[in-house]
1. I'd like the accessible area for residue 40: 1.4 Å probe, protein heavy atoms, all chains in place, Å² to the nearest 10.
2. Work out from phi, with θ = phi - 60° and the Karplus expression 6.51 cos²θ - 1.76 cosθ + 1.60, the ³J(HN,Hα) of each residue of the stretch 16-22, listed in order in whole Hz, and give x for Gly and Pro.
3. Largest first, how would 48, 13, 29 line up by accessible area (1.4 Å probe)?
4. Enter the Cα centre distance for the pair the stretch 6-27 and the stretch 71-85, rounded to the nearest angstrom.
5. Viscosity 0.890 mPa s, temperature 25 °C: Stokes-Einstein D of the stretch 31-125 from its Kirkwood Cα radius, in µm² per second?
6. Could you pull the accessible area for residue 34 with a 1.4 Å probe, rounded to 10 Å²?
7. Taking +1 at the Cβ of each Lys and Arg and -1 at the Cβ of each Asp and Glu, which of 35, 60, 113 sits farthest along the dipole of the stretch 7-150 towards its positive end, judged by Cα position relative to the Cα centre?
8. What does the charge dipole of the stretch 50-121 about its Cα centre add up to, to the nearest 20 debye, if the Cβ of each Lys and Arg holds +1 and the Cβ of each Asp and Glu holds -1?
Amino acid sequence: MDIVDEDDRVVATATRREVRQRALLHRCTYVLLRNAAGEILVHRRTDTKDIFPGAYDVFSGGVCAAGESYDECARREVAEEFGVVGAELRFLFKHRYRGPGGQAWGAVYEGRWDGAVRPQETEVAWQAWVAPQELDRMLGELPFCPDSREIFERLRSALRRAAGKDILSAVSRLGSRRSRRWPTASSPPTATST
């Protein structure tokens, strides 16, 4: 993996293990996927993940390999995690994360996907398209990855300032209002839902 400085310039390379052990500053991506109904693809990480096991996430993504661009990483990660190939991903902003689990420069994207979702079993324990109001409840009740929660809150705040509306409210006018139940870390699902 590329190690970067505070200006996001590559200064070295290291293994994933070194990055985790020493909390080295590196690059990663976050991709928010929505469908035509305005629902957001939410997932729960497997309990075997090395960072934030069992936590929920609103973003697909991961660390950039050495020499890999943010755009390349975003496309690779949605393909690996969810089988999403060919979605148009729109870059939104870069975010400097410092907190539990380390530190990173992250590129944040959004994309629309109405095709099939095929989650990678070693990374995704559960996933579903979730209506904005349901996501709001989930965020209040379930453990989410702290970096993703921070970035999602930043995105919601930016949209509130720009449009005078919360992202969840803005998306809800397009989405369905059906209710869903989601699994908890203590009661993992028996099958992946779509």
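The values are calculated or read from the model by the stated rules, or taken from the named source; none is laboratory data. Computed from a predicted model, the values in this text were never measured in an experiment. Cβ atoms come from the backbone with ideal geometry, glycine included; neighbour counts cover every protein chain shown. These area figures cover heavy atoms from the full protein model, side chains too; ligands, DNA and RNA do not enter into them. Shrake-Rupley method; radii C 1.70, N 1.55, O 1.52, S 1.80 Å.
1. Counting only protein heavy atoms, residue 40 exposes about 0 Å² to solvent.
2. With the stated coefficients, the stretch 16-22 comes to 4, 4, 4, 4, 5, 5, 9 Hz.
3. Numbers: 48 120, 13 100, 29 5 Å².
From most exposed to least exposed: 48, 13, 29.
4. 21 Å
5. On the way: Rh = 13.8 Å.
Once the numbers are plugged in, D ends up at 177 µm²/s.
6. Around 50 Å² of this residue is reachable by solvent.
7. Farthest along the dipole direction, towards plus: 60.
8. Numbers: 8 positive and 12 negative charges, 65 e Å.
Taking the Cα centre of the stretch 50-121 as origin, the dipole is about 320 debye.
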